[in-house]
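Colleague: Here's a structure for you.
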Amino acid sequence: MKLRERRTFQVINKIRENLLDSDKAIGVVIDPTMFKGIENEFSHEEVSYTLRFLDGKGYLIKTENGQDYYLTAKGYEEWLFPDGPISEKRIFISYAVKDKVLAGNLKQELEKIGLTVFLAHDDIEPTAKWRDKIISELKSSSTFIALRTKNYLGRPYTEQECGFALALNKRILTLCVDTGSKDMGFCSEFQGENFKIGEEEKIFGFCKKQLVL
């Protein structure tokens, strides 16, 4: 790969990271200071060339004033959050790290009936872009299982996963383990099934019954 191509890909990755951190929506004009900041690492010419490249790909489009850019639907789906098609057999389990043993046991039980289950601590490589992977898995899964224990409540990333699943209109199964519906936040509109700590077999049985295709 030529030096210019390598530098262009580095700028592309930097722009992408900044967009992911900013949570920009489709069609919203991007603050030009985002690109100015990148010029601390790369030249103005390199950044301008990369923006023209992304414009040509249809990921970022110039506004009418010819100075600013906005994110397109194509850029959102193909560039920021690439993923495969939704699979009816793919399950996403949202859980707190302290509950990874219970989550891991649930994964094993569901895989026995032919389902493919995503757990972040099992399925993300240490060098992978964990945020991208989680969003991609959320988009490609058909069912979202929230393992809502007391460890789960109030954790920023678990609550964000719930919000993302709601926005994507996923089927949601809420397992309230020593918690109640009042603790479910935005997921409170979905009927939660109540369990006690130690009732693993009941949890497994309930999920299998709900997920048999």
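Any read-out appearing in this document is the output of simple, stated calculations on the displayed coordinates, not a laboratory observation. From a predicted model like this one, the values you see are computed outputs, not experimental measurements. So basically every Cβ, Gly included, is an ideal-geometry build from the backbone, and we count neighbours across all protein chains shown.
Colleague: Pull up all non-local amide H partners of F118: gap of 5 or more, or a different chain, and H-to-H distance under 5 Å with H placed in the peptide plane.
Modeller: Counting only residues 5 or more places away or on other chains, the set is I91, F92, I93.
Colleague: If you place +1 on the Cβ of every Lys and Arg, -1 on the Cβ of every Asp and Glu, and leave all else neutral, what size is the dipole of the chain about its Cα centre, to the nearest 20 Debye? Provide the component values of the computation, followed by the final result.
Modeller: Values: 32 positive and 33 negative charges, 64 e Å.
For the chain, the charge dipole is close to 300 debye.
Colleague: Test of understanding: what is the full-extension gain from D55 to V29, defined as 0.36 nm times their sequence separation minus their Cα-Cα distance? Numbers along the way, then the final one.
Modeller: Numbers: separation 26, 0.36 × 26 = 9.36 nm, distance 1.37 nm.
Difference between extended and current length: 8.0 nm.
Colleague: From the backbone phi of segment 140-146, what are the Karplus-calculated ³J(HN,Hα) couplings (6.51 cos²θ - 1.76 cosθ + 1.60, θ = phi - 60°) in whole Hz, Gly and Pro given as x?
Modeller: With coefficients 6.51, -1.76 and 1.60, one gets 8, 8, 8, 10, 10, 9, 9 Hz.
Colleague: I've got another one for you. Can you list, bin by bin at 10 Å, the percent of alpha carbon pairs in segment 88-127, starting at 0?
Modeller: Calculated P(r), rounded to whole percents: 30, 56, 14, 0.
Colleague: Here's another thing I want to ask about it. How big is the chain on each of its three principal axes, counting only the C-alpha atoms and giving the largest first in Å?
Modeller: The principal-axis extents, from largest down, are 61, 36, 30 Å.
Colleague: Report the label-to-label distance for N18 and K208 in nanometres (one decimal), using points 7 Å from each Cα along the Cα→Cβ vector.
Modeller: 5.2
Colleague: Out of I30, Y152, G114, whose Cα points farthest toward the positive end of the dipole of the chain (charges: +1 Lys, Arg; -1 Asp, Glu; placed on Cβ)?
Modeller: G114
Colleague: Could you pull out the pairs from K57/K170; K107/K196; K133/K170 whose alpha carbons sit more than 21 Å apart here?
Modeller: On the way: K57/K170 30 Å; K107/K196 19 Å; K133/K170 17 Å.
Too far apart for the 21 Å limit: K57/K170.
Colleague: With a Förster radius of 30 Å, plug the Cβ-Cβ distance of E64 and R131 into 1/(1 + (r/R0)^6) and report the FRET value to the nearest 0.05.
Modeller: On the way: r = 32 Å, r/R0 = 1.08.
Efficiency, from the Cβ-Cβ distance: 0.40.
Colleague: Ratio of segment 87-211's C-alpha Rg to 2.2 N^0.38 Å, to two decimals?
Modeller: Expressed relative to 2.2 N^0.38 Å, the Cα Rg reads 0.96.
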